[in-house]
Amino acid sequence: MLSKTIEKAFNDQLNKEFYSSYLYLSMSAYAESKNFSGMAHFLKLKAQEEREHALKIFDYIIDRRGTILLKDIKANITKFKSILDLFEKSYEHECNVTKLINNLITLTGKEKDYCSKAFLHWFAIEQIEEEKTSLDIVEKLKIIKSDGPSLYMLDKDLKSSNNTK
């Protein structure tokens, strides 16, 4: 069974993962509004992936005989200055999620809940890939700037992606 402290922390993270899913959907909508359908596709996949992360935590809480507490999802950022700004915010968000996962790992260690600590290691490794993917796109966009053909190629590349890795 989960301690009440760990149960609360996991429920908080569960809800933050659902927030992340909504955030990526709002980013997808912005990209679509700017006619970057490939980027919109990529961001929809990220939204789906974040939902899967939430459900992974959901199942873990249930498996450990915890109680699920779903909260209201606060409003997301819906306005971006540019496609670069959008992906910079994506990268910042992923860095924040990494901090949240690291804090959970620290908490599980303090609580001596080694099963939960082991469970979270998957998320920690996942965050390395999430940060790298987001930063790679930011760096490409900084190089591209407003070069139409290069933006078109990046958009096309992201449209053909089957996942966010």
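The values are calculated or read from the model by the stated rules, or taken from the named source; none is laboratory data. Note that the structure is predicted; figures quoted are calculated from it, not measured. Note that each Cβ is placed from the backbone with ideal geometry, even for glycine, and that neighbours are counted across all protein chains shown.
For the stretch 107-120, which positions are surrounded by 12 or more Cβ atoms within 10 Å (Cβ to Cβ) and assigned to a helix (DSSP H, G or I)?
Those that are surrounded by 12 or more Cβ atoms within 10 Å (Cβ to Cβ) and assigned to a helix (DSSP H, G or I): 107, 108, 109, 115, 116, 117, 119, 120.
May I ask you to say which residue of 108, 133 is in contact with a Ser or Thr (Cβ under 8 Å, 6 or more places away or on another chain) and either touching a residue at least 60 places away in the same chain (Cβ under 8 Å) or over 30 Å from residue 9 (Cβ atoms) (or both)?
Just a single option satisfies the conditions, and that option is 108.
Counting just the residues of the stretch 128-165 that are surrounded by fewer than 13 Cβ atoms within 10 Å (Cβ to Cβ) and of a type in the set (Ser, Thr, Tyr), which one comes out modelled with the highest pLDDT?
In this case the residue turns out to be 160.
With the condition kept exactly as written, say whether any residue in the stretch 42-57 is touching a Lys or Arg at 6+ places or on another chain (Cβ under 8 Å) and either surrounded by 14 or more Cβ atoms within 10 Å (Cβ to Cβ) or more than 22 Å from residue 132 (Cα to Cα) (or both).
Yes - at least one qualifying residue is present in the stretch 42-57.
Report yes if some residue within the stretch 86-93 is hydroxyl-bearing (Ser, Thr, Tyr) and closer than 23 Å to residue 2 by Cβ; otherwise report no.
no
Go through 38, 66 for me and flag whichever is assigned to a loop (DSSP other than H, G, I, E, B) and buried (at least 18 other Cβ atoms within 10 Å of the Cβ).
Checking each option against the conditions leaves just 66.
Only residues in the stretch 1-29 that are closer than 14 Å to residue 90 by Cα count as the first member; pair them with residues that are β-branched (Val, Ile, Thr) and in a helix (DSSP H, G or I), Cβ under 8 angstrom, at least 6 apart or cross-chain, and list the lot.
Partner pairs satisfying both residue conditions: 17/57; 20/97.
Restricting attention to the stretch 15-54, which residues are farther than 23 Å from residue 123 by Cβ and of a type in the set (Asp, Glu)?
32
Only one of 123, 80 is out of contact with any Gly (no Cβ under 6 Å at 6 or more places or on another chain), outside any helix (DSSP H, G or I) and surrounded by 13 or more Cβ atoms within 10 Å (Cβ to Cβ). Can you tell me which?
Being out of contact with any Gly (no Cβ under 6 Å at 6 or more places or on another chain), outside any helix (DSSP H, G or I) and surrounded by 13 or more Cβ atoms within 10 Å (Cβ to Cβ) holds for just one of 123, 80, which is 80.
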